[in-house]
1. Please go through the range B:30-44 and give me each residue that is among the aromatic types (Phe, Trp, Tyr) and touching a residue at least 12 places away in the same chain (Cβ under 8 Å), ordered by number.
2. Could you list, in sequence order, all residues of the range B:1-48 that are assigned to a loop (DSSP other than H, G, I, E, B), of a type outside the set (Lys, Arg) and over 17 Å from the mean Cα position of the chain (by Cα)?
3. Just checking, which of B:32, B:71, B:85 is more than 14 Å from chain A (Cβ to nearest Cβ) and surrounded by fewer than 17 Cβ atoms within 10 Å (Cβ to Cβ)?
4. Out of the residues in the range A:38-50 that are open to solvent by less than 20 Å² (accessible area, probe 1.4 Å) and part of a helix (DSSP H, G or I), which is farthest from residue A:64 (Cα to Cα)?
5. Considering only residues that are of a type outside the set (Asp, Glu) and assigned to a loop (DSSP other than H, G, I, E, B), which ones fall in the range B:49-74?
6. Of the conditions (1) within 30 Å of residue A:70 (Cα to Cα); (2) touching a residue at least 40 places away in the same chain (Cβ under 8 Å); (3) open to solvent by 30 Å² or more (accessible area, probe 1.4 Å); (4) more than 14 Å from every other protein chain (Cβ to nearest Cβ), residue B:47 clears all except one; give me its number.
7. Yes or no: residue B:105 open to solvent by less than 70 Å² (accessible area, probe 1.4 Å) and within 14 Å of chain A (Cβ to nearest Cβ)?
8. Could you list, in sequence order, the residues of the range A:73-103 that are touching a strand residue (DSSP E or B) at 6+ places or on another chain (Cβ under 6 Å), open to solvent by 70 Å² or more (accessible area, probe 1.4 Å) and either part of a helix (DSSP H, G or I) or more than 18 Å from residue A:28 (Cα to Cα) (or both)?
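The values are calculated or read from the model by the stated rules, or taken from the named source; none is laboratory data. What you see is a predicted model, and the numbers here were worked out from it, not measured in a lab. Cβ: placed from backbone, ideal geometry, glycine included. Neighbour counts: every protein chain shown. Just so you know, the surface numbers come from the protein's heavy atoms only, side chains and all, with ligands and any DNA or RNA stripped out. Shrake-Rupley method; radii C 1.70, N 1.55, O 1.52, S 1.80 Å.
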Amino acid sequence: MSDYCYIDFSIKLKSDQIDDLSCVFIKGAIIKSLLQIFGEIGGNTEFDLLKFDEHRRKGIIRVPADFSIKLRIALTLISEFQGVSAIFQVHKATNTLPALIDTFIEF
Amino acid sequence: MVRFKNRYVLLEIKSISKATVSSKELADTLRKATKKYYGDYGLASVSNLNVKLFYDKHKLAIIRVTHGPHKFITSIIPLLKTAGKELATYRILYIGATIRQCKKFIINHQNDVLRKVFSQLSTENERKNLIEDLTKSLEI
């Protein structure tokens, strides 16, 4: 078993006013949520945004398995992205990256 | 029926200035620090934080916290730098399950402090005054 957890997620915005939906801002929003909910000590961990598709607004996060629950809580409780109402929907969470073929790749 | 457990943390506050700190200010300082270091989750966990006793003269305080989240409080206390508006450092002396145990510890602790101070005092009159002051402050 891998020490990491891979999370397939997508962002849903209320309006399409946001032009720049880059991965930097997505990661920033997740870090902000983690700091707000779990603070400087509780929310401090390494997580990677492995991939983010701007057109489909879907991405993959890699996080240490011990910290995956906290990250999912932080993702769920995000309600705003750059001033626009938004939600982060988790499609699948798994220990191996190839297992995300079902949800992430569209044929 | 499961018993609801608490932990009582005995603190010593050391500050350079002689400005007094109220128990409310102390509780607010602890809540703010918990919010900073453990976020909304930490703050909600220690919602029943209460300063039960505060000996202003000796700068000792007993804080009641729920058993479990008391680790949030005990881990951030060494990081605190202010008491109210004054610069101060905190030291955890004892963590007990009841106030009674904390009070027992205070008596032993004050005895030790007394012995140390006694050795530094020269006259008998000074020693008597010190004993009177200490016994007055321990009466609740």
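1. Filtering the range B:30-44 down to residues among the aromatic types (Phe, Trp, Tyr) leaves B:37-38, B:41.
Within the range B:30-44, B:37, B:38 qualify.
2. Of the residues in the range B:1-48, the ones assigned to a loop (DSSP other than H, G, I, E, B) are B:1-5, B:16-22, B:46-48.
Cutting the leftovers down to of a type outside the set (Lys, Arg) gives us B:1-2, B:4, B:16-17, B:19-22, B:46-48.
Answer for the range B:1-48, where residues must be assigned to a loop (DSSP other than H, G, I, E, B), of a type outside the set (Lys, Arg) and over 17 Å from the mean Cα position of the chain (by Cα): B:1, B:2, B:4, B:17, B:47.
3. B:85
4. At the first step, the residues of the range A:38-50 found to be open to solvent by less than 20 Å² (accessible area, probe 1.4 Å) are A:38-39, A:42-43, A:47.
Keeping just the survivors that are part of a helix (DSSP H, G or I) gives A:38-39, A:42.
On the way: A:38: 16, A:39: 18, A:42: 14 Å.
By that ranking, first place goes to A:39.
5. In the first step, residues of the range B:49-74 are kept if they are of a type outside the set (Asp, Glu); the result is B:49-55, B:57-74.
Result: B:49, B:57, B:58, B:59, B:67, B:68, B:69.
6. Unmet condition: (2).
7. Values: open to solvent by less than 70 Å² (accessible area, probe 1.4 Å): yes; within 14 Å of chain A (Cβ to nearest Cβ): no.
So residue B:105 fails the test.
8. A:91, A:97, listed by residue number.
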